[in-house]
């Protein structure tokens with residue numbers, strides 16, 4: 001009997017150990033503590049055109065930089081606040097973090113083209129502040145989550161926009177790498193699904209791909225390949241908000257188009273917000289992938 005009980009205990013323990021970790025919900029991520037940023041700086045005249053800069057404690061030399069772009073279905077209901085814990089954790093890991101706020105659906109000037117122009121302008125603003133804060137512009141990685149993942153993938157393609165494009169700028173800031181966390185990489189495919197965040201795509205773009213094919217061609221990552229910036233697509237296998245296929249299909253398209261270094265990093269059992277939670281068991285892997293992108 002004792003041996004039977006002991007065996008049952010072992011089986012029960014192994015069963016518990018085999019259970020996937022509990023998905024971390026948005027509200028829990030947003031409530032994680034985070035110290036205030038070192039600086040809040042405006043990159044434009046609109047109240048929403050600002051960034052929060054956090055600097056690592058290391059002194060001497062210049063700092064590698066993460067440009068952090070939050071998600072939230074491109075909607076005004078979700079702002080920079082929920083990524084502050086992530087920004088603070090990345091700073092603790094040794095990065096200077098330039099976390100961008102930008103105009104979104106529901107804000108005056110948000111949507112097409114203002115949302116994209118803001119993120120681009122905010123990224124290029126690093127040139128204005130680099131000397132003041134000892135930022136290394138040769139080691140800039142753009143990191144974005146969900147809708148922010150779409151935006152950072154697009155940032156990596158700006159150099160190939162035609163001059164006739166509404167979003168064209170001369171000499172955009174080069175990126176060392178891109179960390180796209182659960183990114184929306186195919187906007188037409190994502191927007192075709194009903195409900196939830198999917199319904200925000202047509203709001204953002206002012207209509208469907210059939211109505212505005214040139215807009216989708218200008219900003220939907222899968223239509224902007226090849227992508228010449230080394231990229232990690234970090235995506236949870238248990239993500240139900242943005243399915244893993246958004247990353248795998250994008251990688252396949254980018255590879256076919258001749259993109260040099262696009263890697264999908266599937267995180268077994270991770271849900272949508274696990275990839276931005278410093279308390280997640282997956283967090284060390286995310287930091288490791290970003291360090292690999294920014295390494296000399």
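The values are calculated or read from the model by the stated rules, or taken from the named source; none is laboratory data. Predicted model only: the values in this text are computed from it and were never measured. Note: ideal-geometry Cβ built from the backbone for every residue, glycine included; neighbour counts use all protein chains shown.
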>> Please go through the stretch 201-231 and give me each residue that is surrounded by fewer than 22 Cβ atoms within 10 Å (Cβ to Cβ), touching a strand residue (DSSP E or B) at 6+ places or on another chain (Cβ under 8 Å) and either part of a helix (DSSP H, G or I) or free of Cβ contacts under 8 Å to residues at least 60 places away in the same chain (or both), ordered by number.
In response: 203
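Any chance you could count how many residues in the stretch 113-144 are out of contact with any strand residue (DSSP E or B) (no Cβ under 8 Å at 6 or more places or on another chain) and over 22 Å from residue 206 (Cβ atoms)?
Kept after step one, since they are out of contact with any strand residue (DSSP E or B) (no Cβ under 8 Å at 6 or more places or on another chain), are these residues of the stretch 113-144: 113-114, 116-117, 120-121, 124, 128, 131-132, 138.
Then keep just the ones that are over 22 Å from residue 206 (Cβ atoms); that gives 124, 128, 131-132, 138.
Qualifying residue count for the region: 5.
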> With respect to residue 152, is the statement that it is within 17 Å of residue 234 (Cβ to Cβ) and under 20 Å from the mean Cα position of the chain (by Cα) true?
Replying inline: yes
> In this structure, is residue 32 crowded, with 16+ Cβ neighbours inside 10 Å, touching a helix residue (DSSP H, G or I) at 6+ places or on another chain (Cβ under 7 Å) and touching a residue at least 24 places away in the same chain (Cβ under 8 Å)?
Replying inline: yes
> When you go through 280, 288 one by one, which is the residue that is part of a loop (DSSP other than H, G, I, E, B) and out of contact with any strand residue (DSSP E or B) (no Cβ under 6 Å at 6 or more places or on another chain)?
Replying inline: 280
> Within the bounds of the stretch 76-89, is there any residue that is more than 19 Å from the chain's Cα centre (by Cα), over 28 Å from residue 187 (Cα atoms) and crowded, with 18+ Cβ neighbours inside 10 Å?
Replying inline: no
> Of 181, 244, which residue is without any contact (Cβ under 8 Å) to a residue 60 or more places away in the chain and within 15 Å of the chain's Cα centre (by Cα)?
Replying inline: 244
>> So, in the stretch 176-188, how many residues would count as being assigned to a loop (DSSP other than H, G, I, E, B) and surrounded by fewer than 23 Cβ atoms within 10 Å (Cβ to Cβ)?
In response: 2
>> Quick test of your reading of the structure: residue 142 fulfils all but one of (1) part of a strand (DSSP E or B); (2) more than 12 Å from the chain's Cα centre (by Cα). Name the failing condition by number.
In response: (2)
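Of all residues in the stretch 45-90, count the ones that are in a strand (DSSP E or B) and within 23 Å of residue 127 (Cβ to Cβ). Full working, then the answer.
Going through the stretch 45-90, the residues in a strand (DSSP E or B) turn out to be 50-54, 63-69, 75.
Remaining after also requiring within 23 Å of residue 127 (Cβ to Cβ): 50-54, 63-69.
So the count comes out to 12.
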> Taking residue 66 and the conditions (1) on the phi > 0 side of the Ramachandran plot; (2) at pLDDT 95 or above, which numbered condition does it fall short on, given that it satisfies the others?
Replying inline: (1)
> Is the stretch 276-289 home to any residue that is crowded, with 23+ Cβ neighbours inside 10 Å, in contact (Cβ under 8 Å) with a residue 40 or more places away in the chain, over 13 Å from residue 24 (Cα atoms) and in contact with a helix residue (DSSP H, G or I) (Cβ under 7 Å, 6 or more places away or on another chain)?
Replying inline: yes
> Taking the stretch 131-153 on its own, how many of its residues are touching a residue at least 12 places away in the same chain (Cβ under 8 Å) and either more than 22 Å from residue 273 (Cβ to Cβ) or surrounded by fewer than 18 Cβ atoms within 10 Å (Cβ to Cβ) (or both)?
Replying inline: 8
>> Here's a check for you: in the stretch 91-118, which residue that is out of contact with any helix residue (DSSP H, G or I) (no Cβ under 6 Å at 6 or more places or on another chain) and at positive phi is surrounded by the most Cβ atoms within 10 Å (Cβ to Cβ)?
In response: 109
>> So residue 191 ticks every box in (1) assigned to a strand (DSSP E or B); (2) surrounded by 17 or more Cβ atoms within 10 Å (Cβ to Cβ); (3) without any contact (Cβ under 8 Å) to a residue 40 or more places away in the chain but one. Which box is left unticked?
In response: (1)
>> Take residue 112 and tell me if it is modelled with pLDDT of 95 or more, outside any helix (DSSP H, G or I) and over 14 Å from residue 41 (Cβ atoms).
In response: yes
> Is one or more of the residues making up the stretch 163-172 outside any loop (DSSP other than H, G, I, E, B) and at pLDDT 95 or above?
Replying inline: no
